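See structure below.
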Amino acid sequence: MKKISYNNMELKELEDFFVSIDEKKFRAEQLFVGLHNKNYFDLDEFTNISKELKLKLEDYGNINKSEIFKVFKSKLDKTRKYLIKLNDGNIIESVYMEYSSHNTICISSQVGCKMGCTFCASTKQKFVRNLEPSELLNQIYLIQKDVGKRISNIVLMGIGEPLDNYDNVIKFIRLISNKKGYNISIRNITLSTCGIVPKIYELADENLPINITISLHNPFDNERKQIMPIGNRYSIGDIIKATKYYFQKTGRRISFEYTLIEGENDSYIHAKELRRILRGLNCHVNLIPLNKIKEFNKNSSNKESINKFKSYLDDFGITTTIRTSLGQDIDGACGQLRAAHNFN
Ligand code: SF4
């Protein structure tokens, strides 16, 4: 029988479990606080749990551990990129970014990705499996220990499509924002999706008002499908409708990521269409210069075209920023580190 992992469980589940093994409910809270507030990875670290109870807990379950496999430190800024080894040997990537006002970690949600976006390094390796809630949490707990600083913001933008691992991601968000645990504000969590429409509606109804970012990259369905196969399942119109619903339910402004590819999606016509589809939506557009990977033979729009595209959108009244890439000396785009190490 597969053992349960205590760090996959919400407090209520732990309490029910403790009662089921004839232990006091408050013991469950001690375990929960140790795991998620003090970030213990081992039962030996608990001084408030008796030896006897530790042995009993070891019989029924374990703490699902991950470990830092390799760290790449930028010489240009304080960015650190991590390869993290899961307990089955799979490797994922996470990135730590330090700003003057906050510290952010970009985490992975799956080993590999099924979505097949042509410009993305993550998709070049096959999908292996979903991450468990504890494996999402461990990325934060391990990195915060390594950098010695509290993490204030989380972005689910690493390897994988978070809405394709919906239940585990929702559980992770509930665990990381639990006031008795790590207690990260829900409003400091951002999830990026390629646009799995039914899951956007489901998320809107969860009463978890996190920020969402849509990977759009092209305002025309026929062109978007060429680089993002998900476009064959859900049209841009469907995505925009879902984001309107999300905003209505959560009050959170929607962000759109738009990677600029030379000669492909950086024309005035594209900016104009973007204005048309985003009309009436409380949103923000984040322009991203393409991070070149060898499997996608296109170039990023140059600086001048990027600024021009931004000025079109500014003129149309769309709030737009250009993303500055941190840690450019340590292999930019998500999935590139893992691919470079040939872990599948
Ligand atoms: S961009 Fe995101 S959804 Fe698309 S293949 Fe990469 S990780 Fe998956």
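The values are calculated or read from the model by the stated rules, or taken from the named source; none is laboratory data. This structure is a prediction, so every number in the text was calculated from the model and none was measured. Heads up, the Cβs are rebuilt from the backbone with ideal geometry, glycines too, and the neighbour counts pull from every protein chain shown. Protein only, heavy atoms only, side chains kept; ligands, DNA and RNA dropped before computing areas. Shrake-Rupley method; radii C 1.70, N 1.55, O 1.52, S 1.80 Å.
Considering only region 67-340, what is the antiparallel percent among its DSSP beta bridges, to the nearest 5?
Percent antiparallel among DSSP bridges in region 67-340 is about 45.
What angle, in degrees between 0 and 90 and rounded to the nearest 10, separates the Cα long axis of helix 166-176 from the longest principal axis of the Cα atoms of the chain?
Computed tilt is about 60 degrees.
Hey, for a label at residue 225 modelled as a point 7 Å past Cα toward Cβ, could you say which residues of region 249-270 have their backbone N under 12 Å away?
Output list for this probe position: empty.
For the Cα atoms of the chain, what angle does the longest principal axis make with the long axis of helix 25-36, in degrees from 0 to 90, nearest 10?
50
By how many degrees, between 0 and 90 and to the nearest 10, does the Cα long axis of helix 236-250 differ from the longest principal axis of the chain?
50
Have a look at 124, 12, 292 and tell me which one the Gaussian network model of the chain (Cα, springs below 10 Å) gives the largest fluctuation.
12
Please tell me the relative contact order of the chain in percent, rounded to the nearest whole number, where contacts are Cα pairs under 8 Å and at least six residues apart.
After rounding, I find 16 percent.
Checking the cross-link filter: which lysines have an alpha carbon closer than 17 Å to that of residue 308, excluding same-chain neighbours under 8 positions apart?
Straight-line reach from residue 308, under 17 Å: 272.
Based on the mean of other beta carbon atoms within 10 Å per residue, what is the order of 185-193, 274-282, most packed first?
Per-residue Cβ counts within 10 Å, averaged per peptide and sorted highest first, yield 185-193, 274-282.
What accessible surface, in Å², does a 1.4 Å probe find on residue 320, ignoring ligands, DNA and RNA and rounding to the nearest 10?
For residue 320, the solvent-accessible surface is approximately 10 Å².
Tell me the mean residue ellipticity at 222 nm calculated for the chain from its helices only (DSSP H runs of n ≥ 4, each -39500 (n - 2.57), averaged over every residue, nearest 500).
-10000 deg cm²/dmol
Under a 1.4 Å probe, what is the accessible area of the chain per residue, stated in Å²?
That works out to 46 Å² for each residue.
If you average the C-alpha positions of region 76-97 and of region 221-254 separately, how far apart do those two centres end up, in angstrom?
Value for the Cα centre distance between the two parts: 29 Å.
May I ask you to give the percent of accessible area on region 103-146 that is carbon plus sulfur, with a probe radius of 1.4 Å?
54
Per-residue accessible area for residue 157 at 1.4 Å probe radius, Å² rounded to 10?
Per-residue accessible area (residue 157): approximately 50 Å².
Which pairs in the list 24/199; 225/249; 25/249; 12/244; 51/85 are over 31 Å apart, alpha-carbon to alpha-carbon?
24/199; 25/249; 12/244
Could you tell me what percent of the accessible area of region 209-334 is made up of carbon and sulfur, with a 1.4 Å probe and every protein chain present?
So the carbon and sulfur contribution to the accessible surface is 45 percent.
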